[in-house]
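Notes to accompany the following structure.
The values are calculated or read from the model by the stated rules, or taken from the named source; none is laboratory data. Source: prediction; values computed, not measured. Cβ coordinates were reconstructed from backbone atoms using ideal geometry, including for glycine residues, and neighbour counts include every protein chain displayed.
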Amino acid sequence: MKSTKKIYAISPVSGDKVLSKSEEVDFSPANRLSTLEGKTVYLVDTGFGGSAYFMLALQKWFSDYYPTVRTVRKRKPGNVFMEDENCEKLWKEISEKGDAAILGVAG
């Protein structure tokens, strides 16, 4: 589904400056998996305070309640709020080897 929306973003490196851009954006959510049985789920720790502990607890939960799900914990490289080429490598790995991903934040 394409939609023309005005997007506002606050950049963590721009201080109080609000960045805005009006463009056509694809807001389509990912297709829902019919089952998690036998799937690989990436648990991505964003680096925000406490997210590593959350991902460990989530991995244990999957082990206890969905033992056929393979979980892979990864730490998002770099700054929690920024993307770089190392992030692109992680997203590529997830898209090639994973069936789903959960990005975790805590605080």
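Scanning region 56-101 for residues that are exposed (fewer than 15 other Cβ atoms within 10 Å of the Cβ), among the β-branched types (V, I, T) and modelled with pLDDT of 90 or more yields a single hit, T68. Restrict the check to region 78-89 and report whether at least one residue is out of contact with any Ser or Thr (no Cβ under 7 Å at 6 or more places or on another chain), among the aromatic types (F, W, Y) and without any contact (Cβ under 8 Å) to a residue 60 or more places away in the chain. No: region 78-89 contains no residue that is out of contact with any Ser or Thr (no Cβ under 7 Å at 6 or more places or on another chain), among the aromatic types (F, W, Y) and without any contact (Cβ under 8 Å) to a residue 60 or more places away in the chain.
Out of region 52-77, which residues are touching a Ser or Thr at 6+ places or on another chain (Cβ under 9 Å), closer than 20 Å to E37 by Cα and in a loop (DSSP other than H, G, I, E, B)? Within region 52-77, just V69 meets the criteria.
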